[in-house]
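Below: the structure, in structure tokens.
The values are calculated or read from the model by the stated rules, or taken from the named source; none is laboratory data. Worth saying up front: this structure is predicted, and the values here are computed from it rather than measured. Because the Cβ atoms are built from the backbone with ideal geometry, glycine has one as well, and the counts that use them run over all protein chains shown. Surface accessibility is based on the protein's heavy atoms, side chains included, excluding ligands, DNA and RNA. Shrake-Rupley method; radii C 1.70, N 1.55, O 1.52, S 1.80 Å.
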Amino acid sequence: MEQTLEFTIDGLPVTAAPGETIMAAADAAGIYIPRLCAMKGLSPFGACRLCTVLVDGRSQSACTQPAAAGMVVENDTEQLQGFRKNLIDMLFVEGNHFCMACEKSGNCELQALAYRFGILAPKYQYQFPQREIDASHPDVLLDRNRCILCARCVRASQELDGKEIAGFVGRGGEKHLAASSGCGFVGTDVAADDAALAACPVGALLRKRVGFSTPIGQRKYDHQPIGCEKELRPEKSSTTSDVQKGVAS
Amino acid sequence: MSKARMATVSLAGCFGCHMSLLDIDERILQLVELVEFDRSPINDFKSFTGRCAVGLIEGGCCNEENVHVLRSFREHCDVLVSIGDCAIMGGLPAYRNFVPLKECMEEAYLNGPTVYNPSGELPKDREVPLLLNKVYPCHEVVKIDYYLPGCPPPADTLWAALTALLTDQPVELPYELIKYD
Ligand code: SF4
Ligand code: SF4
Ligand code: FES
């Protein structure tokens with residue numbers, strides 16, 4: 001019989017197989033830990049920090065940290081949900097997210113998280129950064145205004161498509177996604193039905209000419225918050241009450 | 001008891017948020033039971049007649065006049081609400097934030113494919129408000145108390161928030177009333 005580890009998340013008993021991450025164990029137990037860069041079927045990356053939990057009082061990313069016997073994990077606390085909300089706010093102001101004109105609206109994981117957290121306006125100042133788009137490929141568009149540097153496309157291309165279509169260039173605020181060719185995506189072997197495109201959580205890496213095909217009201221997050229499909233035990237805090245004043249002083 | 005007064009304005013917006021307000025349909029009869037409109041395009045009052053409980057701001061600030069009007073709303077209203085994505089983050093007008101103002105003007109008045117402007121002059125009449133270097137969200141200009149996102153915010157969102165504000169209840173929006181599109 002395979003050995004199982006026992007630990008707790010917010011006081012609830014959870015079991016994990018050796019080597020399994022806290023996030024995978026939480027999913028199996030019906031507990032949702034918010035996430036953006038983690039995706040089932042891809043290796044963990046630990047970029048967005050949205051899944052940060054406290055493990056025996058120390059912060060760890062749940063998508064990369066293996067579960068261990070007896071650990072005490074805190075997930076749905078006011079402090080952690082506040083940190084997550086701040087991270088979402090930062091992602092909105094550091095890019096250019098014009099949701100009203102975005103093909104991904106309604107199906108976008110970043111927007112859906114903002115809805116779930118009841119964010120009415122980000123608390124930070126909008127940066128309006130200058131970002132280039134790559135429309136070189138006949139079927140694929142990269143709009144860096146919406147890219148959150150989660151590397152899901154990079155990992156999906158390597159691990160699922162067996163390709164190497166893109167990678168990151170630059171550091172800090174200059175870091176951006178670039179096709180692995182000198183002339184943009186047209187110089188790569190990317191194809192419109194690559195898993196890499198489907199993996200993008202936002203409207204950054206897109207298949208051309210299929211936008212806005214789902215009517216409003218029938219999109220993925222129009223009626224149900226992101227993560228609710230995972231939850232047997234919904235989080236306490238999923239409506240707006242304490243965030244009406246979206247912009248802090 | 002005298003009715004609460006409410007003012008509304010469209011700054012750098014398209015009046016879509018005001019249309020959404022009219023989309024509350026017959027509930028508008030209940031609304032006029034609750035409020036008296038002060039300065040607003042709905043009654044065409046151009047200036048304030050008194051202190052207002054609530055001010056609704058559609059659109060961000062793209063020119064100096066928008067800033068003056070917004071400041072005057074802040075002075076006259078107890079609670080100021082940014083309604084719609086343009087007021088909250090600049091919205092479509094803020095697409096010009098990525099182009100230097102000079103280039104915007106030249107494209108609009110000199111180089112655009114449909115422009116006929118033999119004198120080659122840019123507008124400089126003192127009656128025309130000066131453009132700001134970029135489009136600013138309202139809360140980066142004055143203090144804003146509440147935010148109702150959407151392009152436009154759904155009529156049900158406006159209704160839920162307004163009735164709560166006007167009856168001194170906390171504004172609690174269910175999941176489906178928060179939309180950014
Ligand atoms: S990627 Fe998501 S958050 Fe960004 S503009 Fe599109 S829908 Fe909005
Ligand atoms: S293009 Fe999409 S999947 Fe790739 S890094 Fe940017 S946001 Fe992530
Ligand atoms: S989901 Fe764990 S760091 Fe992004």
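Under 5 Å between amide hydrogens, built in the peptide plane, is the criterion, and for B:F45 it picks out B:S40 among residues at least 5 positions away or on other chains. In this structure A:F83 has an accessible area near 110 Å², from a 1.4 Å probe over the protein heavy atoms. Under the rule a/c < 1.5 gives rounded, and otherwise a/b versus b/c splits prolate from oblate, where does segment B:29-181 land using the Cα gyration tensor? Note, shape of segment B:29-181 comes out prolate. Any idea what log10 I(q)/I(0) is at q = 0.08, 0.11, 0.16 Å⁻¹ for chain A, Debye with uniform C-alpha scatterers and no solvent? Those come out to -0.33, -0.63, -1.25, one per q. Rounded is the label for segment A:131-213, because a/c, from the alpha-carbon gyration tensor with a ≥ b ≥ c as root eigenvalues, stays below 1.5. Taking all protein chains together and rolling a 1.4 Å probe, B:R96 ends up with roughly 40 Å² accessible. Summing Lys and Arg as +1 and Asp and Glu as -1 over all other residues whose Cβ lies under 12 Å from the Cβ of A:A101 gives a net charge of -2.
Among B:E106, A:E6, the order of accessible area from largest down is A:E6, B:E106, computed with a 1.4 Å probe on protein heavy atoms.
Ranking A:C48, B:V128, A:C99 by how far each Cα lies toward the positive end of the dipole of the protein assembly as shown (charges on Cβ) leaves B:V128 at the top. Note on segment B:79-166: semi-axes of the ellipsoid equivalent to its C-alpha gyration tensor, largest first and rounded to whole Å, are 35, 14, 12.
Of the beta bridges in the protein assembly as shown, as assigned by DSSP with both residues counted there, near 55 percent are antiparallel. Residues whose amide H comes within less than 5 Å of that of B:R5, counting only those at least five positions distant or on another chain, are B:E36, B:A53, B:V54 (H built at 1.01 Å from N in the peptide plane). Where a ≥ b ≥ c are the square roots of the eigenvalues of the C-alpha gyration tensor, would you call the protein assembly as shown rounded, which needs a/c under 1.5, or, failing that, prolate if a/b is larger than b/c, or oblate? Taking the square roots of the gyration eigenvalues as a ≥ b ≥ c, the protein assembly as shown is oblate. Segment A:14-84 and segment A:176-199 have Cα centres separated by 30 Å.
Between B:L34, B:L158, B:L80, the residue with the greatest mean-square fluctuation in the GNM of chain B (Cα pairs under 10 Å linked by springs) is B:L34.
Here the contact order of segment A:131-213, divided by its residue count and restricted to Cα pairs under 8 Å and six or more residues apart, works out to 39 percent.
Backbone geometry of segment B:39-50 corresponds, through the Karplus equation with coefficients 6.51, -1.76 and 1.60 at θ = phi - 60°, to 3J(HN,Hα) couplings of 3, 5, x, 5, 10, 6, 6, 8, 9, 5, 9, x Hz, x marking Gly and Pro.
Between A:A68 and A:S180, the simple spin-label model (points 7 angstrom out along Cα→Cβ) gives 3.5 nm. Karplus-derived 3J(HN,Hα) values for segment B:132-141, using 6.51 cos²θ - 1.76 cosθ + 1.60 with θ = phi - 60°, are 7, 4, 8, 8, 10, x, 4, 6, 8, 10 Hz; glycine and proline are entered as x. In segment B:1-118, taking the dipole from charged Cβ atoms about the Cα centre, the farthest positive-side position among B:V69, B:P93, B:G13 is held by B:V69. Of interest is the spacing of the C-alpha centroids, which for segment B:25-41 and segment B:138-163 amounts to 16 Å.
Entry note, chain B: relative contact order of 26 percent, from Cα contacts under 8 Å with a spacing of 6+ residues.
Couplings 3J(HN,Hα) for segment A:51-58, derived from phi with the Karplus relation 6.51 cos²θ - 1.76 cosθ + 1.60 (θ = phi - 60°), are 8, 4, 10, 9, 10, 6, x, 10 Hz, where x marks Gly and Pro. In chain B, the longest principal axis of the Cα atoms and the axis of helix B:64-76 are about 20 degrees apart.
Contact order, relative form, for chain A: 22 percent (alpha carbon pairs under 8 Å, 6 or more residues apart, mean separation divided by residue count). The residues B:R126, B:R51, sorted by heavy-atom accessible surface at 1.4 Å with ligands and nucleic acids left out, run B:R126, B:R51 from largest to smallest. Distance between the 7 Å Cα→Cβ label points at A:A198 and B:F98: 2.9 nm. Dipole check for segment A:131-213: with +1 at the C-beta of Lys and Arg, -1 at the C-beta of Asp and Glu, and the Cα centre as origin, the magnitude is about 320 Debye.
The magnitude of the dipole of the protein assembly as shown, with charges of +1 and -1 set on the Cβ of Lys/Arg and Asp/Glu and taken from the Cα centre, is near 620 debye. Only helical runs count toward this figure. For the protein assembly as shown, summing -39,500 (n - 2.57) over DSSP H runs of n ≥ 4 and dividing by all residues gives -6000 deg cm²/dmol at 222 nm. Residues A:Y115, B:Y116 ordered from highest to lowest accessible area at a 1.4 Å probe: B:Y116, A:Y115.
Placing a label point 7 Å from the Cα of A:R131 along the Cα-to-Cβ direction, the residues of segment A:50-68 with a backbone N closer than 20 Å are A:50-51.
Close amide H pairs (under 5 Å, H built 1.01 Å from N) link A:H137 with A:F185, A:V186, residues at least 5 positions away or on another chain. If I build a Gaussian network model for chain B, linking alpha-carbon pairs within less than 10 angstrom, which residue out of B:S20, B:S40, B:S119 has the largest mean-square fluctuation? Its mean-square fluctuation being the largest, the pick is B:S119. At a 1.4 Å probe, what is the % contribution of carbon and sulfur to the accessible area of chain B? Carbon and sulfur: 56 percent of the exposed surface of chain B. Solvent-accessible surface (1.4 Å probe) assigned to A:F212 amounts to roughly 140 Å².
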